[in-house]
């Protein structure tokens, strides 16, 4: 399925939307409604302020520049970060453009005075000299070379040439105690002799995003650029730890809950008898920076080993353990000791230290990265040896084959390998192994990934994929693996533009990007799906045997299937994603209403069913006194509220409509299927 219904052209062109016939869908896009905007006086067409979906990249030269003049309408729940986007377009040169977004105020009479703060950032662009390799042009936003919008610049005045566009990114943090209801404000832009305004509304629904994270997420970060980009001086200086705290807090704010730590933070000494001792002071200080956020669930210990390399740098089959710097009291200076000599003493002591600190159950350890099938003999020996030395520390690895039973506790295949060998990985999951997945420079092509030249929605869909396929973890190698200047120099072509980083440096911390914001949004979407599953779990527990047939995760997977049906088949339409997200809110809230109609079908909704004929089994439960009808036919409802039905579907009749009526209240539940004749 192509990522876009647009041609790949280097210049500006009109954005065309698919399947936007329903007015409500326009609202869900975040402001593609018909309402007017005030543009004052003689400046009528010189400066425009336009509403855009936050899931679209709008280019400086006008590509994807929207036409809607508002209002910008958004929605969310308590505790959620909500993204919005509007676009300033200059039809004549304009300088000194200022942006202001007053706090949103409640429009509900019973909630007068309540406000939600807004942060805004101009979206800056970076040069992309070449597109992602091995990818058909239909899967790309546009042809490189071109400047692609990505980083969120610090607030300040904007200057535009005639015909240029600049996106303004809006970030709303809905307080956990915010009253449900509608809040409104406006985006205001002014320049000498020019002004424009865009109405803005945010609807807050009476649900709360869980503070606890239910998806494990790690983006590997580097500290070797701290001196260049943050002026930290020597490693592990006070300034180093100040910047590390900024990183930790930014990760936590974006719902990353796994951090990595290297064992070179442990100081090792060898006394004159040859005995080794280990000081964990620096290790503990480092880890406490992340634990101190209150949002970290796991700690990854960095690789103990790597693979031998030939003279060209290509990986060979044998695993080699890393060496360690050890201070020798005999020589009164640091020496290098082989990992095979250090780890038999180090790993047992590490395990004891983690247990004393209460961190053992929260720690994972890496052996050697990305073993393939021809590495397995040596990698297996290494993993078994490490496990004998520290049997209570769980092992994790990014892997490129399938034979890890007894060798890993957390399996992390690459997305394309997960898709290819899904049966093997799901069997491992059923056998009790934890399954995550990762993306990096791969996969390319039809798979979703977070490259800068891929549609922005793909970064968000990665975490709908987590839920859709029951995979509770995600790993990526590139938080900040920057070039010497990530604003002007892209990473090497083989990695795909933007693969190596998703944030940008500033002296005292980090600048976000539209991808980093959408990654957080995708993780929050995962929590919506978790909320629905939890409601079903609670209901099943209350109802006992009456709902023994109920799979609490099925409905969430069905709704996620509207967004991503297969790992290489997903929507690129923002309206589809936002309709699914709004449906999650409606169904979660609906589980507290009456009449109830809990429906589960076999096969699940959206399943592909081959006609011959095609049948679907339906099981349901309702509260006492409710009448259930399907296609006008009343079903028998047992005294326990349970009802069943076998539906015969036809290629032109693949929708089931179930109506629950109790007194003057009525609810309709719809389930759709893809019935095929071949």
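The values are calculated or read from the model by the stated rules, or taken from the named source; none is laboratory data. Please read these numbers as outputs of a predicted model, since none were measured by experiment. Using ideal geometry, Cβ is built from the backbone for each residue, glycine included, and neighbour counts are taken over all protein chains shown.
For region 647-660, the criterion of being part of a strand (DSSP E or B), assigned by TED's automatic domain parsing to the domain that holds residue 602 and exposed (fewer than 11 other Cβ atoms within 10 Å of the Cβ) is met by at least one residue. Within region 278-307, residues that are farther than 17 Å from residue 212 by Cβ sit with their Cβ atoms under 8 Å from residues that are outside any loop (DSSP other than H, G, I, E, B) and modelled with pLDDT under 95, at 6+ positions apart or across chains, in these pairs: 307/315. Take residues that are within 18 Å of residue 670 (Cβ to Cβ) and modelled with pLDDT of 95 or more and tell me which of the strands (runs of 3 or more DSSP E) falling wholly in region 571-638 contain 1 or more. Filter on region 571-638 gives 598-602, 614-621, 627-630.
Matching residues to (1) more than 27 Å from residue 556 (Cβ to Cβ); (2) surrounded by fewer than 20 Cβ atoms within 10 Å (Cβ to Cβ); (3) over 15 Å from the mean Cα position of the chain (by Cα):
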{"residue": "411", "(1), (2), (3)": "no, no, yes"}
{"residue": "421", "(1), (2), (3)": "no, yes, yes"}
{"residue": "424", "(1), (2), (3)": "no, yes, yes"}
{"residue": "449", "(1), (2), (3)": "no, no, no"}
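Inspect region 300-321 for any residue being surrounded by fewer than 16 Cβ atoms within 10 Å (Cβ to Cβ) and closer than 20 Å to residue 241 by Cα and give the result as yes or no. Yes; the residues of region 300-321 include at least one that is surrounded by fewer than 16 Cβ atoms within 10 Å (Cβ to Cβ) and closer than 20 Å to residue 241 by Cα.
Among the residues making up region 658-678, a single one is without any contact (Cβ under 8 Å) to a residue 60 or more places away in the chain and within 14 Å of residue 616 (Cα to Cα): 670. Would you point out the residue of region 546-557, among those that are touching a strand residue (DSSP E or B) at 6+ places or on another chain (Cβ under 8 Å) and in a helix (DSSP H, G or I), that is farthest from residue 447 (Cα to Cα)? In this case the residue turns out to be 546. Only residues that are out of contact with any helix residue (DSSP H, G or I) (no Cβ under 9 Å at 6 or more places or on another chain) and not in a strand (DSSP E or B) were counted in region 116-156, giving 16.
Look at residue 494 and say whether it is touching a residue at least 40 places away in the same chain (Cβ under 8 Å) and either crowded, with 19+ Cβ neighbours inside 10 Å or in a strand (DSSP E or B) (or both). Spelling it out, it is not the case that residue 494 is touching a residue at least 40 places away in the same chain (Cβ under 8 Å) and either crowded, with 19+ Cβ neighbours inside 10 Å or in a strand (DSSP E or B) (or both).
Restricting to region 426-447, name every residue that is surrounded by 18 or more Cβ atoms within 10 Å (Cβ to Cβ), over 19 Å from residue 564 (Cβ atoms) and out of contact with any strand residue (DSSP E or B) (no Cβ under 8 Å at 6 or more places or on another chain). Answer for region 426-447, where residues must be surrounded by 18 or more Cβ atoms within 10 Å (Cβ to Cβ), over 19 Å from residue 564 (Cβ atoms) and out of contact with any strand residue (DSSP E or B) (no Cβ under 8 Å at 6 or more places or on another chain): just 441.
Quickly run through region 311-324 and pick out the residues that are outside any loop (DSSP other than H, G, I, E, B) and touching a helix residue (DSSP H, G or I) at 6+ places or on another chain (Cβ under 7 Å).
317, 318, 319, 321, 324
When the residues of region 497-511 are filtered to those that are touching a helix residue (DSSP H, G or I) at 6+ places or on another chain (Cβ under 8 Å) and either in a loop (DSSP other than H, G, I, E, B) or in the same structural domain as residue 129 (by TED's automatic domain parsing) (or both), the one that is surrounded by the fewest Cβ atoms within 10 Å (Cβ to Cβ) is 507. Of all the criteria given as (1) farther than 18 Å from residue 278 by Cβ; (2) modelled with pLDDT of 95 or more; (3) touching a strand residue (DSSP E or B) at 6+ places or on another chain (Cβ under 8 Å); (4) not assigned by TED's automatic domain parsing to the domain that holds residue 287, the one not satisfied by residue 315 is (2). A residue that is on the phi > 0 side of the Ramachandran plot and either in contact with a helix residue (DSSP H, G or I) (Cβ under 9 Å, 6 or more places away or on another chain) or touching a residue at least 24 places away in the same chain (Cβ under 8 Å) (or both) occurs somewhere in region 441-453. Do we have residue 119 as in contact with a strand residue (DSSP E or B) (Cβ under 7 Å, 6 or more places away or on another chain), farther than 30 Å from residue 194 by Cβ and modelled with pLDDT of 95 or more here? No.
For region 461-482, name all the residues that are in a strand (DSSP E or B) and over 13 Å from the mean Cα position of the chain (by Cα).
Once the filter is applied, which keeps residues that are in a strand (DSSP E or B) and over 13 Å from the mean Cα position of the chain (by Cα), region 461-482 yields only 480.
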